[in-house]
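Bear in mind that the values in this text are calculations on the coordinates, not laboratory data. All values reported here derive from a predicted model rather than from experimental measurement. Backbone-built Cβ (ideal geometry, glycine too); neighbour counts: all protein chains shown.
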Amino acid sequence: MIPLVKPFIPPREVLIPELEKILYSGYIATGQAVDDFENDFKRYIGNQDMLSLHSGTDALHIAFILAGVKPGDEVISTPMTAEPTNTAIAMMGAKVVWGDVDPRNGLLDPESIKNLITEKTKAIVFVDYAGMVGDIAGFRKISEETGVPFIEDAAHALGSKFDGKMTGCNAPYTVFSLQAIKHLTTVDGGFLAMQNNEELDRARKLRWFGLDKKRSRLENDITEVGYKYAMNNVNATIGLVQMQYIEENVGRYIANGKYYDNELANVDGVTLPYYYPGAEASYWLYTMKVERRNEFIKMMEANGVAASPLHHRSDTHSIFKESRRELPGMEEWYSSFVHIPCGWWVTEEDRCKIVEQIKKGW
Ligand SMILES: *Cc1c(COP(=O)(O)O)cnc(C)c1O
């Protein structure tokens, strides 16, 4: 079966000698390898104001703190995402307020949130779901009008762009995940990208118990609670090796995605997603709407190709029951969207077969 997701691990002969070196170096905690990886990743994104972290969830947590979210505040979010986006809001003691999604692509619709902003709203978080880029222009406008910052959860969207600029340069806060099945994995890891470098020092302290790593421990005074969110040298060493493959791997997701965009555009029973002007997806999963979804999934699986909606809508979890509301865009989207494999492991031959299979109908 061609899977929907698959970790990319660099070739043994390249990765293992580097891992062996770091494991027996005596320096496996946070050190030089982390600095080196951070620098490579910053160069790739084109933003210097970034912090490596132990996970994408850590990045969300720090972004919410920097945005000023406190217990009892409200954060506007999307139900169309993986769990961490919204459990991180709950972790803050804040209330999730559900915006609705654009039924054309499952992405949070800025129009749907205009009337939800109150004086308790401290942040808006949207997700570049499956690698499609959110309506940045729309969120910028709302943010300018209301002063509420937005957070771009780009865990699915490494290597995507908006108006020609890499994701990680386009929002006050951008969150990346380097978890197992994301575009680039360090086994676990994450990054927070910022636009205001005055917040960088505070973010750095939040990453490490509230301590200022530039001073000795004896001279330190913790003034704000921080966490243990730093990456370690072992994960960073994997990241450093992964950076040799990043352009090629992301390029393969994008080439496969564009191939499907062209080949599936006029197929009966398929509706392709709407991409916002200026958005260049990085196609973590290929996303579309299909008629008779269950039959579609069965047909694909019978032909050795995984197909699934993959994510469970977040708003139906019990912990969010006080936030429940009608979301017509979500209802429409959720009943017919599906993903097909699109990543680095999908060869030109595979994608050609997948398209032929879909064109035959189900
Ligand atoms: C993977 C993911 C995260 C962060 O996950 P970690 O496992 O903590 O790195 C955040 N948001 C979304 C949408 C994700 O898919």
Could you tell me how many of the residues in the stretch 41-95 are hydroxyl-bearing (S, T, Y), near the ligand (Cβ under 9 Å from one of its atoms) and within 18 Å of R207 (Cβ to Cβ)?
2
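Going through the stretch 158-173 one residue at a time, which ones are closer than 18 Å to G239 by Cβ and either within 8 Å of the ligand (Cβ to nearest atom) or within 12 Å of the chain's Cα centre (by Cα) (or both)? Before you say what the answer is, go through the steps one by one.
Applying the first criterion (closer than 18 Å to G239 by Cβ) to the stretch 158-173 yields 158-159, 166-168.
Answer for the stretch 158-173, where residues must be closer than 18 Å to G239 by Cβ and either within 8 Å of the ligand (Cβ to nearest atom) or within 12 Å of the chain's Cα centre (by Cα) (or both): L158, G159, T167, G168.
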For I113, state whether it is touching a strand residue (DSSP E or B) at 6+ places or on another chain (Cβ under 6 Å) and within 15 Å of the ligand (Cβ to nearest atom).
no
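Condition check ((1) assigned to a strand (DSSP E or B); (2) free of Cβ contacts under 8 Å to residues at least 60 places away in the same chain) across all residues:
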site: R104; (1), (2): no, no
site: K122; (1), (2): yes, yes
site: V125; (1), (2): yes, no
site: F139; (1), (2): no, yes
site: E152; (1), (2): yes, yes
site: L200; (1), (2): no, no
Given the options T85, T146, T121, name the one that is of a type in the set (S, T, Y) and under 27 Å from V250 (Cβ atoms).
T85
Restricting the stretch 174-202 to residues that are among the aliphatic types (A, V, I, L, M) and within 9 Å of the ligand (Cβ to nearest atom), the one surrounded by the fewest Cβ atoms within 10 Å (Cβ to Cβ) turns out to be A180
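Does G106 meet the test of being crowded, with 23+ Cβ neighbours inside 10 Å and either within 16 Å of the ligand (Cβ to nearest atom) or not hydrophobic (A, V, I, L, M, F, W, C) (or both)? It would help to see each step written out before you state the result.
Details: crowded, with 23+ Cβ neighbours inside 10 Å: yes; either within 16 Å of the ligand (Cβ to nearest atom) or not hydrophobic (A, V, I, L, M, F, W, C) (or both): yes.
It is true that G106 is crowded, with 23+ Cβ neighbours inside 10 Å and either within 16 Å of the ligand (Cβ to nearest atom) or not hydrophobic (A, V, I, L, M, F, W, C) (or both).
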Looking only at the stretch 112-160, which residues are touching a helix residue (DSSP H, G or I) at 6+ places or on another chain (Cβ under 7 Å) and of a type in the set (D, E)?
D135, D153
